[in-house]
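Q: Submitted below is the structure of interest, expressed as structure tokens.
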Amino acid sequence: GQSGFPLVRVERSGRSVKLSQRRFYSEPGARGDETWPVPIVLRFREPSGVREHRLVLSSRSEVVELPGSGEVAWVCGNSGNTGFYRVAYDDAGLRALASDLGALEAAERISVLADLWALVRSGEAEIAAFLDLASRYGGEEDYAVLDELVGRLGIIEYRLVLDPELDRFRALVRDLLQPQLDRLGWEAGPDEKGGERLRRAALVRAVAVIGRGAEAARALQPRLERVLDGDKTAIEPNLHEAAVMVCARAGDARFFERVLEVYRKEKDPAYKRRYLQA
């Protein structure tokens, strides 16, 4: 068994798809010439609907003809995100996927983001390309996909954007996800499912913590104040962490004293840890 795993590059021209593989390295500049027999499942959209095509890529590169006829709108290189490989698309291929994200499965929408992010980290893709792709995810309602998206945006805000650009970046995050938070609202309805609660938590993290939205901060503050007064139902538990972070940033000496006092009494280890970080 070989260590490591492959990066499969997907370039489409009409119904011909050129697939090439090499070892994926997470650090910039590393190179190796191993090849693998890679079982690949392509999913693609043509006029008759969305179809799958299975093959094994055993050489360094080969050209595959997609079965069927008519114009192909896009090809997803890892159907259902079930294959153990990363995918690199050419610009046109990525744009085609980004313009029809709703046709992909949630796992595929995650892998399209995660694979491009991996390429950014290894120095093979530009951060601008990732932000272009991310900007297409404003309507995303699957909480697992949102979690992936918001996690990456958080790393960008924390580590990769320089000061003069930070305000613009934060505004971009707010513009992308605030409308969805407004539609979902701050309070969970009585019959709300767990996925909706997790979706709200991801949106609040994006808008309030990463995007530093003033409106979101105003919504969180009074709720957290009531929690500190002893009413734990005042805030949806999934929003507690974001509330503590946002209020600590804007907090004064009085807030510090209150948090310290509540920290000493708090029994829940997760809440205790958040108060300590605040």
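Q: Does residue 143 satisfy being aromatic (Phe, Trp, Tyr), open to solvent by 40 Å² or more (accessible area, probe 1.4 Å) and modelled with pLDDT of 90 or more?
A: Yes; evaluated as a whole, the condition is true for this residue.
Q: Within segment 254-278, can you find the residues that are within 25 Å of residue 202 (Cβ to Cβ) and either under 25 Å from the mean Cα position of the chain (by Cα) or part of a helix (DSSP H, G or I) (or both)?
A: Those that are within 25 Å of residue 202 (Cβ to Cβ) and either under 25 Å from the mean Cα position of the chain (by Cα) or part of a helix (DSSP H, G or I) (or both): 259, 269, 270, 271, 272, 273, 274, 275, 276, 277.
Q: Related question: Select from segment 27-45 the residues that are aliphatic (A, V, I, L, M) and either in contact with a helix residue (DSSP H, G or I) (Cβ under 7 Å, 6 or more places away or on another chain) or open to solvent by 60 Å² or more (accessible area, probe 1.4 Å) (or both) and list them in ascending order.
A: Listed by number, the residues that qualify are 41, 42.
Q: Pick out, from segment 170-253, the helices (runs of 4 or more DSSP H) lying fully within it that include 3 or more residues that are surrounded by 13 or more Cβ atoms within 10 Å (Cβ to Cβ), of a type in the set (A, V, I, L, M, F, W, C) and modelled with pLDDT under 95.
A: 214-228, 240-250
Q: In this structure, does residue 149 turn out to be closer than 23 Å to residue 105 by Cα, touching an Asp or Glu at 6+ places or on another chain (Cβ under 7 Å) and assigned to a helix (DSSP H, G or I)?
A: It is true that residue 149 is closer than 23 Å to residue 105 by Cα, touching an Asp or Glu at 6+ places or on another chain (Cβ under 7 Å) and assigned to a helix (DSSP H, G or I).
Q: Can I ask one more? What number of residues within segment 69-94 satisfy the criterion of being charged (D, E, K, R) and crowded, with 16+ Cβ neighbours inside 10 Å?
A: 1
Q: Still on this structure: Do you know which of the residues in segment 1-10 that are part of a loop (DSSP other than H, G, I, E, B) and open to solvent by 60 Å² or more (accessible area, probe 1.4 Å) is modelled with the lowest pLDDT?
A: Only one residue tops the list, namely 1.
Q: Let me ask you something else. Restricting attention to segment 11-26, which residues are surrounded by fewer than 18 Cβ atoms within 10 Å (Cβ to Cβ), within 27 Å of the chain's Cα centre (by Cα) and polar (S, T, N, Q)?
A: 26
Q: Can you tell me which residue among 75, 87, 63 is assigned to a strand (DSSP E or B), touching a Lys or Arg at 6+ places or on another chain (Cβ under 6 Å) and under 25 Å from residue 121 (Cβ atoms)?
A: Just a single option satisfies the conditions, and that option is 75.
Q: Also: Hey, residue 124 hits all of (1) in a loop (DSSP other than H, G, I, E, B); (2) more than 22 Å from residue 23 (Cα to Cα); (3) touching a strand residue (DSSP E or B) at 6+ places or on another chain (Cβ under 8 Å); (4) open to solvent by 50 Å² or more (accessible area, probe 1.4 Å) but one; which does it fall short on?
A: (2)
The values are calculated or read from the model by the stated rules, or taken from the named source; none is laboratory data. Source: prediction; values computed, not measured. In this analysis, Cβ positions are derived from the backbone assuming ideal geometry, glycine residues included, and neighbour counts consider all displayed protein chains. The area values use the complete protein model at the heavy-atom level, side chains included, leaving out ligands, DNA and RNA. Shrake-Rupley method; radii C 1.70, N 1.55, O 1.52, S 1.80 Å.
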